[in-house]
Amino acid sequence: MAGQLFETASKDAAIADGLATGNYEPLRAYMVENVHQHGRRFTRDELLVKATGRKLDPEPYIAYLTGKYSELYSL
């Protein structure tokens, strides 16, 4: 779930630029607006669809792991 939220948030240029410079405020603002403010108003699945536009998908997490470990272990 976190991988999917991060992938969606990273598509925003302001968030990507902020992360590149160590400024986490744009990411925090995205999380507050799309996740935290809702509390328990929605189920996990409903919240994920509202925040990312799609149901739980393992692909973003798999892509993250592949990228991380391919670079680390020269795969």
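We did not get these values from a lab; they are worked out from the coordinates using the rules stated. Please read these numbers as outputs of a predicted model, since none were measured by experiment. So basically every Cβ, Gly included, is an ideal-geometry build from the backbone, and we count neighbours across all protein chains shown.
A few notes on this one:
- As a length-normalised measure over Cα pairs under 8 Å and 6 or more apart, the relative contact order of the chain settles at 37 percent.
- Across segment 55-71, coupling constants 3J(HN,Hα) worked out from phi with the 6.51/-1.76/1.60 Karplus curve, θ = phi - 60°, read 5, 3, 9, x, 4, x, 5, 4, 5, 4, 4, 4, x, 5, 7, 5, 5 Hz, and Gly and Pro carry x.
- Rh (Kirkwood; distinct C-alpha pairs) - the chain, Å: 13.4
- Using θ = phi - 60° and Karplus 6.51 cos²θ - 1.76 cosθ + 1.60, couplings along segment 31-37 (whole Hz; Gly, Pro as x): 5, 4, 5, 9, 10, 4, 5
- Charged neighbours of residue 47, selected by a Cβ distance under 14 Å, balance to +3 (K, R count +1; D, E count -1).
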